[in-house]
Amino acid sequence: MNEKLKRITHYRLFLPLICLALVLLVNMIKTPTFFHLSIKNGVLYGYTVDVVNRASELVILAVGMTLVVASSAGTDISVGAVMAVAGAVCCYILSGGAVSVNEYHAPWILGLLAALVAGTVCGAWNGFLVSRMKIQPMVATLILFTAGRGIAQLITKGQITYIRVESFKLLGANIPGIPLPTPIFIAIIVVLITSIVLKKTALGLYIEAVGINPTASRNVGIKSKQIIFFTYTFCGLLAGIAGMIATSRIYSADANNIGLNMELDAILAVALGGNSLGGGKFSISGSVIGAYTIQALTTTLYAMGVSADQIPVYKAIVVVIIVTLQSEEFNRYMRKFSARFAARKAEVAK
Amino acid sequence: MKKALAIALVALVALSGVFAGGAQESAAPAASDNLIVVGYAQVGAESDWRTANTQSFKSTFTEANGYRLIFDDAQQKQENQIKAIRSFIQQDVDYIVVAPVVETGWETVLKEAKDAGIPVILSDRMMDVSDPSLYTCWVGGNFIKEGEDAGKWLIDYLKKQGRSNEKINIVTLQGTIGASAQIGRTEGFGNIVKTQPNWNMLAMQTGEFTQAKGQEVMESFLKSYPDIDVVVAENDNMAFGAIDAIKAAGKTCGPNGDIIIISFDAVAAAFDSMIAGDMNVSVECNPLHGPRVAEIIQKLEKGETVDKIQYVVEEVFDTSMDLPAVKATRLY
């Protein structure tokens, strides 16, 4: 029994899952309607659907961020701005430069591809600076963090560009006949493809090796620079995908607000997932759970009717608790404490 | 090699800054003719609203009207505005108009203007200075009145519908917490809610002035409160998001729908939304400060005193009006 318990608690995703469960448990007590699901207009409708739907962009960003953190022991703080760039590029192409259009000026697929290419190029730029120029990741990505929204503004000429075409909204809403919002499926596909590639090839192992010790990895024949370059480029591509979803949700390119502060949430998701920000070993599923936890927390606070000015305080408290629960030092202390407690109990029993 | 690249990078970033802002307009020297020279230190061009504000100044202070306008775009940076004000002082302009980027840090430069004997008029945003005599007056929108106007509109609307004694459930999508528009509009609408015992404010939550957040928060409201009668969105973008969320939940909104949508700003897209029958009303936030500032300058020229705080006229637009005709006359 004890052995089994130990195995469960030592399972890597045990703590992240417990944290998510804790957030959901609060809902079960405070807002019982939270888990209520119904069908409206042929789609599933409920808080839980909202959580999974709204977390999609964050999940996608968290996947890319996990790999960046693992390979380079640094974070990509430009992902939010890259989302805005991707959205701006897409809307610029589809609108042909007009502020608001009611029909496409170019095929939709072209806009989508251009957005993904824009994201990838931004990612490659970050990767080039980090892997070849050896600039610290935060400094390297700071360039696009500041310049990205400026570039997006430049593309959209500082205006919010609207694409008022029904089919443009499908990526961020529901495809008729399918009961769940599209972003959920995109997030699942991204997570699945990434996990399969990392598991089936040696890429995951290479990334961990480079993250633990780039010099040693190079000495055994892994091309460290290329691995780091790849993770940043991939992170950029995923930011492009997330940007497309965010753009489609509001059928417009809002250069100032798309993906605003998302980079911080993505880093937090990686940390909540039990990943070390020092690079090396990583768990994609941990980060994904972390991302859903963050969105569950936001939606919970909305559902509980916490007033807007207090929300950051509650979020901070929960994050402090979760991060403390996962810290090595805290766990060592707890183990010591429980051992002492057990010893005393044994003494009393004697 | 690395160093050279680093230098090249820095140069690139610096250059991109220059391009992002566009070339600054060259400052014309103060005229010796009879024109009144006005220097305007504008925040930047971050929104339609701001562009309309700039346009209003440019079309009011023309040579034909007896003015010469020296316009400076600060690209959202206070140091640029301070620099612009100093250059206005050096050029010995007759009046300085500032739309301050931030509220604090203006004492020194305003003192310089005062010593030079140049009156300073503030547009849009306030400055936080210990000595209010440092500026002549402030011109801008009255956010509290906008909120009250929205509340009064709702009273009238409900009366027309014969729902005056019904219980009315309201939710509010607030702007970014702490922004002056959020504080004023929340307070103004709240003042009216207090006078109506049958109005029930169910919840207030911030949508951060964005369409995406407005939609997300509205989704949550719709689940928590099944019988919402009125949505108050503190800007148009959040109202667009709320309308999408309401439609996705299978409900209807607008003049012929279940839920009344009240919004603020009255940008062009809000007119489209009202014409389409999604939004009921939008309370204007008027960016056209130019004529009012010109009026003040004319008074000062005659040696009259002016009020310290001056509001621009702001209207309420709802679906009972001939909206396409109104929209055609609007500049933003």
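The values are calculated or read from the model by the stated rules, or taken from the named source; none is laboratory data. Just so you know, these numbers come straight off a predicted model, no measurement behind them. Glycine gets a Cβ as well: all are built from the backbone with ideal geometry, and neighbour counts include every protein chain shown. Surface areas here come from the heavy atoms of the whole protein model, side chains and all, with no ligands, DNA or RNA. Shrake-Rupley method; radii C 1.70, N 1.55, O 1.52, S 1.80 Å.
Using only side-chain charges placed at the Cβ, +1 for Lys and Arg and -1 for Asp and Glu, the dipole size of chain A relative to its Cα centre rounds to 1280 debye. Think of chain B as having a plus end and a minus end, set by charges on the Cβ of Lys, Arg, Asp and Glu; of B:93, B:190, B:238, B:238 sits farthest toward the positive end of this dipole. Taking B:249, B:212, B:266 as the candidate residues, the one with maximal mean-square fluctuation in a Gaussian network model of chain B, Cα springs under 10 Å, is B:249.
Here is how the number arises for chain B: DSSP H runs of 4 or more residues each give -39500 (n - 2.57), the sum is divided by the residue count, and the result at 222 nm is -14000 deg cm²/dmol. Only Lys, Arg, Asp and Glu carry charge here, each on its Cβ (+1 for the first two, -1 for the last two); on that basis the protein assembly as shown has a dipole of about 3920 debye about its Cα centre. In the range A:143-300, taking the dipole from charged Cβ atoms about the Cα centre, the farthest positive-side position among A:227, A:286, A:299 is held by A:227. Dimensions of chain A along the principal axes, based on C-alpha atoms and rounded to the nearest Å, stand at 84, 57, 39, largest first.
Solvent-accessible area of the protein assembly as shown (1.4 angstrom probe, protein heavy atoms only): carbon and sulfur portion equals 62 percent. The simple spin-label model puts a point 7 Å past each Cα toward its Cβ; for residue A:201 and residue A:216 those points are separated by 2.4 nm.
Taking only the Cα atoms of the protein assembly as shown, the ratio Rg/Rh comes out at 1.01, with Rh defined as the Kirkwood radius. Note on chain A: with a GNM built from Cα contacts shorter than 10 Å, the maximum mean-square fluctuation among A:266, A:124, A:84 falls on A:124. Distance from the alpha carbon centroid of the range A:290-332 to that of the range B:50-114 works out to 45 angstrom. When +1 charges are put on Lys and Arg Cβ atoms and -1 charges on Asp and Glu Cβ atoms, the dipole computed for the range B:273-329 relative to its Cα centre reaches about 240 debye.
For the range A:303-324, accessible area lost to neighbouring protein chains reaches 30 Å² or more, against the chain alone with a 1.4 Å probe, at A:308. In percent, rounded to a whole number, the relative contact order of chain A is 30, using alpha-carbon pairs under 8 Å and six or more apart.
Shape verdict for the range A:1-115, please, from the Cα gyration tensor: rounded (a/c under 1.5), prolate (a/b greater than b/c) or oblate. It is oblate, given that a/c is not under 1.5 and a/b is not larger than b/c.
Between chain A and chain B, roughly 2800 Å² of accessible surface gets buried, counting both sides and using a 1.4 Å probe. Scattering from chain B was approximated by placing one identical point on each alpha carbon and applying the Debye formula without solvent; log10 I(q)/I(0) at 0.13, 0.14 1/Å stands at -0.99, -1.08. Evaluated at q = 0.18, 0.22, 0.26, 0.30 Å⁻¹, a Debye calculation over the C-alpha positions of the range B:88-149 (equal weights, vacuum) places log10 I(q)/I(0) at -0.64, -0.87, -1.13, -1.37. In this structure, residue A:192 and residue A:98 have a Cβ-Cβ separation that, at R0 = 41 Å, corresponds to a calculated FRET efficiency of about 0.65. In chain A, helices alone account for a calculated mean residue ellipticity at 222 nm of -22500 deg cm²/dmol, with every DSSP H run of four or more residues adding -39,500 (n - 2.57). Whole-Hz Karplus values for the range A:234-247 come out as 4, 4, x, 4, 5, 4, x, 4, 4, x, 5, 4, 4, 5 Hz, taken residue by residue from phi with 6.51 cos²θ - 1.76 cosθ + 1.60 and θ = phi - 60°; glycine and proline positions read x.
Straight-line reach from residue B:247: which lysines have a Cα under 24 Å away, not including same-chain ones fewer than 8 places off? Straight-line reach from residue B:247, under 24 Å: A:40, A:169, B:167, B:213, B:223. Under a 5 Å amide H cut-off, with hydrogens placed 1.01 Å from N, residue B:253 pairs with B:258, B:259 among residues at least 5 apart or on other chains. Measuring only protein heavy atoms, the 1.4 Å probe finds residue B:295 accessible over about 100 Å². Mean separation of Cα pairs under 8 Å and 6 or more residues apart, divided by the residue count, gives the range B:31-120 a relative contact order of 36 percent. On a C-alpha basis, how far is the centre of the range A:112-155 from the centre of the range B:277-332 in Å? Whole number, if you could? Between the Cα centre of the range A:112-155 and that of the range B:277-332, the gap is 42 Å. In the full protein context, the protein assembly as shown carries 46 Å² of accessible surface per residue, based on a 1.4 Å probe and ignoring ligands, DNA and RNA. GNM on chain A, alpha-carbon springs under 10 angstrom: the most fluctuating residue among A:330, A:14, A:230 is A:330. Taking a point 7 Å from the Cα of residue A:261 along the Cα-to-Cβ direction, the residues of the range A:315-347 with backbone N closer than 15 Å to it are A:315-319. Suppose we compare each residue of the range B:232-261 in its chain alone and in the full protein complex with a 1.4 Å probe; which ones drop by at least 40 Å² of accessible area? Buried on complex formation: B:249.
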